[in-house]
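Notes to accompany the following structure.
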Amino acid sequence: MRAYFGRRYMLSASHRLHADSLSPEDNLKTYGKCNNPHGHGHNYVVEVMVTGDVRPETGMVVDMAKLDQAVRELVLDRFDHANLNLDELFVNRVPTTENLCKALFALLQHRIPTGRLQMVRVEETENNFFECADAN
């Protein structure tokens, strides 16, 4: 039987939504106030869902401490209190929360200690959230 384990993390980061391929007018029309030249920030909630069999020796899908370590090293240490626009992952990509979610999934996908990364969910505001999930 497949089981799921979810864990929630928080990080604060800033970004400016701006595409170099668009004119200043089109950027403003597309991104509105999120195109502010000075940027803006969010207190993101990041949820990580791991799936797999419950391991008989531990009774768990994944070792929470090892999962926390992977998320801390790959996500929190890198993005917490950072300007996303300055990160190498967003040099040629607009740092929308959709793209942040995709990037977090890719960073974590091969570092899950046991089980398989099922889903990453990033909550940007109380009204906006984004999910990336394993297609399997």
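Read-outs: derived from the displayed coordinates by stated rules, not from any lab. These numbers come from a predicted model, not from an experiment. Reconstructed Cβ throughout: ideal geometry from the backbone, glycine too, with neighbour counts over all protein chains shown.
Assorted remarks:
- Taking 92, 83, 27 as the candidate residues, the one with maximal mean-square fluctuation in a Gaussian network model of the chain, Cα springs under 10 Å, is 92.
- Taking the average, over residues, of other Cβ atoms within 10 Å as the packing measure, peptides 38-46, 118-126 rank 118-126, 38-46 from highest down.
- Selection among 70, 27, 12 by position relative to the dipole of the stretch 2-133 gives 70 as farthest towards the positive end (Cβ unit charges, Cα centre).
- Dipole check for the chain: with +1 at the C-beta of Lys and Arg, -1 at the C-beta of Asp and Glu, and the Cα centre as origin, the magnitude is about 180 Debye.
- As a rough footprinting exposure proxy, the listed residues 21, 14 were ranked by other beta carbons within 10 Å of their own, and the order from fewest upward is 21, 14.
- 1, 60 arranged by Cβ crowding within 10 Å, fewest neighbours leading: 1, 60
- Only one residue of 85, 130, 42 has its Cα farthest out toward the positive end of the dipole of the chain, where Lys and Arg carry +1 and Asp and Glu -1 on Cβ, and that residue is 130.
- Using only side-chain charges placed at the Cβ, +1 for Lys and Arg and -1 for Asp and Glu, the dipole size of the stretch 48-93 relative to its Cα centre rounds to 100 debye.
- Cα-based radius of gyration of the stretch 26-111 once divided by 2.2 N^0.38 Å, which approximates compact folds: 1.38
- Per residue, the average separation of C-alpha pairs within less than 8 Å and at least 6 apart gives the stretch 12-136 a relative contact order of 33 percent.
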